[in-house]
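Visitor: So that we are looking at the same thing, I have put the structure below in structure tokens.
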């Protein structure tokens, strides 16, 4: 923490949030360890621990804890919900790495590489089941409804992405639908259930949902933009990985929407058919520069961050609210 404080006077918002919620996060971690245990299948805690202990910011469970505390909650059900959110997130990562045939996650070999695809899929299923047990423990049907819907949206988003990723007819609306499934659905559910468990007003719960939704979209758009103009040392990704993997993200969707017939034929060959040659990435970047789609994508990310901040106006004046506002700025500050 001291090192961060020397870089910026305030420190990074997610680190300040983690410091503020430290005792609750510790309780959530203990709950995660307890619930990922399995008496009959030792591979379950092995695989789960590999991913859970790999680091990660614990951003989603922190959002649940932050929302509950900001709305004055004093019980302990928010701890179960924070653990639930982390289990859903971890389950989706295990499944994603199998679908994407990934070899690395957070700088370490993926579970499917260390064990196998079957183990990753089945342990992911186990974590989904555990997450539903934790939801039920809170005794709130409304919470169950929110998180069950989020889980369905996440799965739906993954299936949609499979079909939309290389289809040149994919529009910005479809892209947003994919992003809501991939990222924003769990962010918005995480903040929303924090408000629900704290018996916040309907307007406050809606504001928390809107904040999480906009934050998640800003986060994913920023991520997709950094694929084309990020610093590999900072992002851990090579520039153009999405292009090489034939993923239609916002900068490319915007370029295709304005493409000439000749340019469209280029996108058809490289993305739809996957026939990529030396120099294609450079040409793709030239086309994005021609139509200023990287700048337009950056403006979209900042626009969603502003929507996230505006949503918080409905919530109580609280130090955590300030941290959540700063968090929305931080998510897009990577683009400066």
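Rule-based calculations on the coordinates, nothing more; no lab input. Since this is a predicted model, take the numbers as computed values, not measurements. Cβ atoms come from the backbone with ideal geometry, glycine included; neighbour counts cover every protein chain shown.
Visitor: If I build a Gaussian network model for the chain, linking alpha-carbon pairs within less than 10 angstrom, which residue out of 210, 145, 242 has the largest mean-square fluctuation?
Guide: Greatest mean-square fluctuation among the candidates belongs to 145.
Visitor: Can you figure out the FRET efficiency of residue 333 with residue 26, using R₀ = 35 Å and their beta-carbon distance, to the nearest 0.05?
Guide: On the way: r = 28 Å, r/R0 = 0.80.
Calculated value: 0.80.
Visitor: Moving to a separate point now. Which angle from 0 to 90°, rounded to the nearest 10, does the C-alpha axis of helix 77-99 make with the longest principal axis of the chain?
Guide: The two axes meet at around 30 degrees.
Visitor: On to the next question. Angle check, please: helix 43-52 long axis (alpha carbons) against the longest principal axis of the chain (alpha carbons), in degrees 0 to 90, nearest 10.
Guide: Tilt of helix 43-52: around 70 degrees.
Visitor: Using just the Cα positions, wrap the stretch 148-250 in a convex hull and report its mean projected area in square nanometres, one decimal place.
Guide: Working: hull surface 29.2 nm².
The orientation-averaged projected area of the Cα hull of the stretch 148-250 comes to 7.3 nm².
Visitor: Another question about this same structure. How big is the chain by the Kirkwood estimate over distinct Cα pairs, in Å? Mind dumping the intermediate values first?
Guide: Numbers: mean 1/r = 0.0481 Å⁻¹.
Averaging 1/r across every pair of different Cα atoms and inverting gives 20.8 Å.
Visitor: Taking R0 as 41 Å, what FRET efficiency do you get between residue 268 and residue 57 from their Cβ-Cβ distance, rounded to the nearest 0.05? Don't skip to the end; give the middle numbers.
Guide: Numbers: r = 38 Å, r/R0 = 0.94.
Between residue 268 and residue 57 the formula returns 0.60.
Visitor: Can you compute the modelled spin-label distance between residue 149 and residue 292, with each label point 7 Å from Cα toward Cβ, in nm?
Guide: Distance between the two pseudo-spin positions: 3.8 nm.
Visitor: Angle between the Cα long axis of helix 59-70 and the longest principal axis of the chain, 0 to 90 degrees, nearest 10?
Guide: 50 degrees
Visitor: Let me have the 222 nm mean residue ellipticity of the chain computed from DSSP H runs of 4+ only, each contributing -39500 (n - 2.57), with the sum over all residues rounded to the nearest 500. Write out the running numbers ahead of the final one.
Guide: Values: 19 runs with 239 residues, N = 336.
Counting only the DSSP helices, I get -22500 deg cm²/dmol.
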